[in-house]
Amino acid sequence: MKSSDLPIPRILIADDQVDVLESLRLLLKSEGYQIVSVTSPSAVLASVEQSDFNSVLMDLNYARDTTSGQEGLDMLARLQALDSSLPVVVMTAWGSVEVAVEAMRRGARDFIQKPWDNARLLAIVRTQVELSRALREGLRLESENRLLRQRSAPMIIANSPAMRAVLDLVHRVAPSDASVLITGEHGSGKEVVARALHDFSNRSGGPLITVNAGGIPEGVFESELFGHVKGAFTDAKADRVGYFELATGGTLFLDEIGNVPLSQQAKLLRAIETREVSRVGSSKAYRVDVRFLAATNADLKGEALAGRFREDLLFRINTIEVRVPPLRDRHEDILPLAHSFLGQFASRYSKGITGFDYAAEQSLSSYSWPGNVRELSHAVERAVLLAPDSTIRAADLGLTQPLRGEVRLEEMPLEDVERLLIHKSLERYRGNVSRAAEALGLSRSALYRRMERYGIKAAASEEETASRRD
Ligand SMILES: Nc1ncnc2c1ncn2[C@@H]1O[C@H](COP(=O)(O)OP(=O)(O)OP(=O)(O)O)[C@@H](O)[C@H]1O
Ligand SMILES: [Mg+2]
């Protein structure tokens, strides 16, 4: 995420000297922070209980007891108990280093001595805000993963032999730390498989970090993946933790790996091989305990031959390849998926829709689904929104693609044959309904009725003619 997309950081400042509070407020406000100021330790506690802050900057000495800092120190433990991901920076009087050390021991993240140096104070606040974000994002993903784990196991629909074989392979390779390359057409369920690999692994208690390589501009790729240190480049205002480090203890899923810029592939390969990364601008290497998954719908072998993808990287990541078959090769999955989406969308949109009629099921089963499971889910969503009553009809689905040619007529249900013949004759007469009807031995209106039943749309010019006649 770009820093400009993030909400404005909120800082809570506490001091009983009003002039100190005011100059802190002006300084931090000029850096774009949102400030809440309070004058006592009890007000600190109350504010943190009530709302969310990215950092607290708190003086340790208050009027009642100006030297020992006891009141402020006591507050630290209570703040820790309230929210351990909230970074607290304490301010101490010049020379009282022991108090500062004691504060750090009790959970303060850093300290500032008064009178402070503006640049140092701002640098500390920036680092703490950045860290709290990384920490909270980690916590959020973890709880999200926990939710997904609870839901994801029964969510994978795999009735077809092709998909059962995939699930089988997933179960076998999930517990190992081997890298897996997931391939398959758009919308076929690669991400679903990646989640399953994580969920069925010993790392399921750790984070699953998904990164879309296609969404990261080349210039920031390295810093997003491996992190950077403050000052590594003009915009590097503070240290940044990269995705590899964030995924430690869990799984890093690099989606659309075919889009990793060639210039970055060597460093990625090194990270996967050595399980060590160094942040941009630093030579220090961090060990990262990460399981690596990647997905692509590109032909990486072809890309490698064309010199756009490193062959050594390809060999490193495709030791195990899970191929997610296109939906057209998983016929037995279509209706169970459709019913599952129907349930989800009917409840999301509070529509009392209970099923598909026969022609709708036929139309779902015979369509070739070039956009795979995602297209199916969109078609069902649209139908749920459009359907006028409790059953979805073929027309609500609006699937107009002709049936595939290789099916033998004598093996098809009569309705499919009729649908196919209508498509064929409309194709032959370039959408001219009158001529298609004539060829089929039907009246124009009888053909229209059938087209409606099968969800076949007339060409735009035909609709105009039809409505002009009505
Ligand atoms: N077997 C399945 N059972 C249930 N839902 C599925 C299944 N496969 C895919 N889906 C659903 O279909 C949609 C598309 O799946 P997913 O995002 O995993 O596809 P993808 O292959 O990663 O697509 P893309 O190539 O566009 O990134 C998602 O909403 C997903 O939840
Ligand atoms: Mg995907």
Query raised in the report: Taking 0.36 nm per residue of separation and subtracting the Cα-Cα distance, what length does fully extending Ala119 through Leu385 add?
Result: 90.1 nm
Report task. Can you find, among Ala134, Ser283, Tyr349, the residue farthest towards the positive end of the dipole of the chain? Put +1 on the C-beta of Lys and Arg, -1 on that of Asp and Glu. Result -> Tyr349
Query raised in the report: Once both axes come from the Cα atoms, what is the angle between helix 331-348 and the longest principal axis of the chain, in degrees from 0 to 90, rounded to 10?
Result: 60 degrees
Query - Positive-pole candidate from Gly189, Val18, Thr400, dipole of the chain, charges at beta carbon - result: Thr400
Query raised in the report: What's the local net charge at Ala213, with K and R +1, D and E -1, over the other residues with C-beta under 10 Å away?
Result: -3
Requested in this report: Could you line up Arg105, Arg164 from fewest to most neighbouring Cβ atoms inside 10 Å?
Outcome: Arg105, Arg164
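What's the FRET efficiency of Ser443 with Ser365 using the Cβ-Cβ distance as r and R₀ = 25 Å, to the nearest 0.05? Spell out each step's value before the answer.
Details: r = 29 Å, r/R0 = 1.16.
Once the sixth-power term is evaluated, E becomes 0.30.
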Report summary line: Label model pair Lys301, Arg374: point-to-point distance (7 angstrom along the Cα→beta-carbon line) in nm is 2.5 nm
Requested in this report: Would you be so kind as to identify which of Tyr62, Gly302, Gly227 lies farthest towards the positive end of the dipole of the chain, taking Lys and Arg as +1 and Asp and Glu as -1 on Cβ and the Cα centre as origin?
Outcome: Gly302
Report task. Mind jotting down the distance between the C-alpha centroids of the range 92-137 and the range 245-271, whole Å? Result -> 34 Å
Query - Efficiency of FRET between Glu273 and Thr354 - r from beta-carbon atoms, R0 56 angstrom, step 0.05 - result: 0.55
Report task. Note down the nm distance, to one decimal, between modelled labels 7 Å out along Cα→Cβ at Asp74 and at Gln344. Result -> 5.3 nm
Requested in this report: For helix 414-428, report the angle its Cα long axis makes with the longest principal axis of the Cα atoms of the chain; keep it between 0 and 90° and round to the nearest 10°.
Outcome: 90 degrees
Query - Counting DSSP beta bridges with both ends in the chain, the antiparallel % (nearest 5) - result: 10 percent
Report task. Taking the Cα centre of the chain as origin, work out the dipole magnitude from +1 charges on Lys and Arg Cβ and -1 charges on Asp and Glu Cβ, in debye rounded to 20. Result -> 680 debye
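What is the chain's relative contact order, in percent, from Cα pairs under 8 angstrom and six or more apart in sequence?
11 percent
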Report summary line: When Phe292, Phe315 are ranked with the fewest other C-beta atoms within 10 Å first, the list becomes Phe315, Phe292
Requested in this report: Once you've got the Cα coordinates, tell me which of Lys29/Lys230; Lys114/Lys237; Lys29/Lys284; Lys351/Lys457; Lys190/Lys237 are over 32 Å apart.
Outcome: Lys29/Lys284; Lys190/Lys237
Query raised in the report: Just from the alpha-carbon atoms, what are the Rg and Dmax of the chain in angstroms?
Result: 30.5, 102
Query - Neighbour-count ranking [beta-carbon atoms within 10 angstrom, fewest first] of Trp94, Trp369, Trp116 - result: Trp94, Trp116, Trp369
Query raised in the report: On a 0 to 90 degree scale, rounded to 10, what angle separates helix 372-386 from the longest Cα axis of the chain?
Result: 80 degrees
**Report entry** Computed [θ] at 222 nm, helices only, for the chain once each DSSP H run of length n ≥ 4 contributes -39500 (n - 2.57)
**Finding:** -15500 deg cm²/dmol
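None of the figures in this text is laboratory data; all of them are computed from the coordinates on show. Note that this is a predicted model, so its numbers are computed, not measured. Glycine gets a Cβ as well: all are built from the backbone with ideal geometry, and neighbour counts include every protein chain shown.
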